[in-house]
Amino acid sequence: MRVSLFRPSPIVKQSASLFSHLSVCPHPHFIHSLRPLCPCASEISALIPFLLIPHAILSPKMETDLPFMQEALAEARTSASAGEVPIGAILVHDGKILARSGNRTIRDNDPTAHAEIIVLREAARLLSNYRLANTALYVTIEPCTMCAGAIIQARVPRLVYGADDPKGGAVRSCFEILSNPRLNHQVEVSSGVLATEAAAVLQSFFAARR
């Protein structure tokens with residue numbers, strides 16, 4: 001078991017409560033200026049966060065990340081139903097889902113059968129190439145050292161994950177494998193995408209077993 005405690009990432013929180021942590025309050029005159037565009041108060045309230053947050057959060061890439069991470073969460077929930085630690089992964093190639101899985105370590109009696117490893121293997125088989133160019137890996141929890149190493153070996157260009165794993169994460173929590181300057185492959189990382197949801201799935205799973 002590679003997960004025991006989780007906390008949402010402070011970098012990007014893209015969820016239903018994405019903007020609840022913001023302490024910035026717009027000036028009343030700013031709100032008043034929006035009324036010609038959005039006469040409804042609820043519409044103004046919905047619009048304000050999008051005008052306050054950094055541009056990166058509103059980028060097309062980030063908007064695309066959300067549905068893919070939802071698919072990864074679906075895989076995590078399926079794993080939970082099978083008694084596996086609920087971590088899910090999706091491998092996207094050229095904008096389409098190529099492989100998907102949750103953890104299978106118990107069912108397969110395989111300590112390497114983490115969700116990330118399974119989708120990397122399947123994608124490599126489908127592409128007939130052990131190097132996975134033009135792909136992005138979506139995983140609900142920060143990858144461990146084994147999975148981070150596999151990401152490097154597969155030359156995955158981009159990783160998107162949900163909640164940090166402070167007990168074993170190898171992206172930034174415990175180790176920083178993917179950004180190690182001595183490696184000959186660097187991975188673009190986006191963290192905290194639907195982190196609250198990803199953490200909740202795990203917390204519910206372990207709470208039910210206490």
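The values are calculated or read from the model by the stated rules, or taken from the named source; none is laboratory data. If you're wondering where the values come from, they're calculated on a predicted model, not measured in any experiment. Note: ideal-geometry Cβ built from the backbone for every residue, glycine included; neighbour counts use all protein chains shown. When the accessible area is computed, the model is the full protein with side chains, heavy atoms only, and any ligands, DNA or RNA have been set aside. Shrake-Rupley method; radii C 1.70, N 1.55, O 1.52, S 1.80 Å.
In table form, for the structure just shown:
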| quantity | calculated |
| --- | --- |
| Criterion violated by Leu127 - all others in (1) touching a Leu at 6+ places or on another chain (Cβ under 8 Å); (2) open to solvent by less than 30 Å² (accessible area, probe 1.4 Å) satisfied | (2) |
| Condition broken by Arg104, with the remaining ones in (1) among the basic types (Lys, Arg); (2) modelled with pLDDT under 95; (3) open to solvent by less than 90 Å² (accessible area, probe 1.4 Å) satisfied | (2) |
| Any hit, segment 182-196, residues being open to solvent by 50 Å² or more (accessible area, probe 1.4 Å), closer than 18 Å to Ala80 by Cβ and modelled with pLDDT under 95 | no |
| Options Arg104, Arg131; residue that is touching a helix residue (DSSP H, G or I) at 6+ places or on another chain (Cβ under 9 Å), within 26 Å of Glu197 (Cβ to Cβ) and basic (Lys, Arg) | Arg104 |
